[in-house]
Amino acid sequence: MAAIHQLVAGFSRGDAISNEAVVLRRLFRDWGYDSEIFCEQRRILPELRQDARDLDTLKSVCRPEDMVFLHLSIGSRANELFPTLPGKKILLYHNITPPDYFSLVQPSTAADLARGRAQARALAGVAQVNLADSAFNAAELAEWGYPPASVFPLMLDFAKLGGASDRATLRRFADGRTNILFVGRCAPNKKIEDVIAAFAFYQKGVDPDSRLILAGSFAGTERYQRLLLTLVRDLRLENVVFTGSIPQDRLNACYRSADVFLCMSEHEGFCIPLVEALVHRVPVVARAVAAVPETLGGAGILFHGKPFEAVAEMMGRLNRDEVFRQAVLARQNARVAAFQSRDLGSELRGLLTPLL
């Protein structure tokens, strides 16, 4: 039996690429192929080591009739191993954040990102099929000398997004306060300091009885989080919650408690939390940069620059004007329907037809 094996830089819970790799593995097996996920052993979450295999074992099992599918997202030995493997090659680019964002707060991550971008350039021309999960990412591959890449969006498990919510979290946040939510790793490119600044205008000038929920891991970026905590203190803000890494049911509860989703991120290759917010019927207010407009596809409310006061007023209007809110949600519901109506499995099979 021929195989389609995947290579990932890391494998953990709640990680978008890990989640997609699991969805793809199930799809490839449904097509009748053997399929495993390979990752450096030290980058597999210990409790998931039964669900992914050590990268060092891949070369011994990979055959010329097989296909290898690289998820390109950061510097990794997987990127170096990929061109040396037998078989046909597929590359899916998820974007590699420019390292300058991390140089001051997490130099080791900055080094991994710089290494990843160098590796990405070196991989131009290696794969028979090149994919990117947004046109924004495909354009970056083109700048690096790749042949035209097909856009294939992230495959999401919508059933998981609409699953159970943690009751304790719902009770905690359902106390009458207005909840402004941002979801994403505590990383400098997310510009969480700008989310906090916009919330300061909102809490002080629009709705004093409000809360900011920042949901996402800050493991490894504690220095950046301390800067954010200092900003919260200096601005004398109340009810700012850093949840850290949380399981899906608590994340679902955060979305279901939210009145507005605010994204001030400066660099996104796709931004899954935007889609999650749409699924949970939370009005989205987002900065129109990188792949954000493409992911929203006409949904939500987009703005340019950093008009903190105007963003605060817009969030206030969404919470005061029910007719306006429902109009925004109607556009968002249409975008969710467009995502869900696509048969991405068939689309991917079509893109891989030359190799299958």
Select, from 279, 275, 206, 292, the only residue that is hydrophobic (A, V, I, L, M, F, W, C), in contact with a strand residue (DSSP E or B) (Cβ under 6 Å, 6 or more places away or on another chain), modelled with pLDDT of 95 or more and closer than 23 Å to residue 314 by Cα.
-> 292
Hits in the range 47-87 - residues which are among the acidic types (Asp, Glu), in a helix (DSSP H, G or I) and closer than 28 Å to residue 268 by Cβ | 80
Of everything in the range 24-46 that's surrounded by fewer than 17 Cβ atoms within 10 Å (Cβ to Cβ) and closer than 22 Å to residue 161 by Cα, which residue is nearest to the chain's Cα centre (by Cα)?
-> 45
Test: residue 270 is modelled with pLDDT of 95 or more, touching a Gly at 6+ places or on another chain (Cβ under 9 Å) and not in a helix (DSSP H, G or I) | no
Selection from the range 297-355 of residues that are part of a loop (DSSP other than H, G, I, E, B) and in contact with a helix residue (DSSP H, G or I) (Cβ under 7 Å, 6 or more places away or on another chain) = 297, 298, 299, 300, 306
Output the number of residues of the range 188-216 satisfying the condition of being out of contact with any helix residue (DSSP H, G or I) (no Cβ under 7 Å at 6 or more places or on another chain) and touching a residue at least 60 places away in the same chain (Cβ under 8 Å).
-> 6
Does the range 35-42 contain at least one residue that is over 21 Å from residue 157 (Cβ atoms), among the polar types (S, T, N, Q) and touching a strand residue (DSSP E or B) at 6+ places or on another chain (Cβ under 8 Å)?
-> yes
In a loop (DSSP other than H, G, I, E, B) and modelled with pLDDT of 95 or more, is that true of residue 116?
-> no
Considering only the range 221-251, state which residues are outside any loop (DSSP other than H, G, I, E, B) and among the charged types (D, E, K, R).
-> 222, 223, 226, 233, 234, 249, 250
List the pairs whose first member sits in the range 20-46 and is assigned to a helix (DSSP H, G or I), whose second member is of a type in the set (Ser, Thr, Tyr), and whose Cβ atoms are under 7 Å apart, counting only residues at least 6 apart or on separate chains?
-> 25/35; 28/35; 29/35
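The values are calculated or read from the model by the stated rules, or taken from the named source; none is laboratory data. Since we're looking at a predicted model, the values are computed, not measured. Virtual Cβ from ideal backbone geometry, glycine too; neighbours counted across all protein chains shown.
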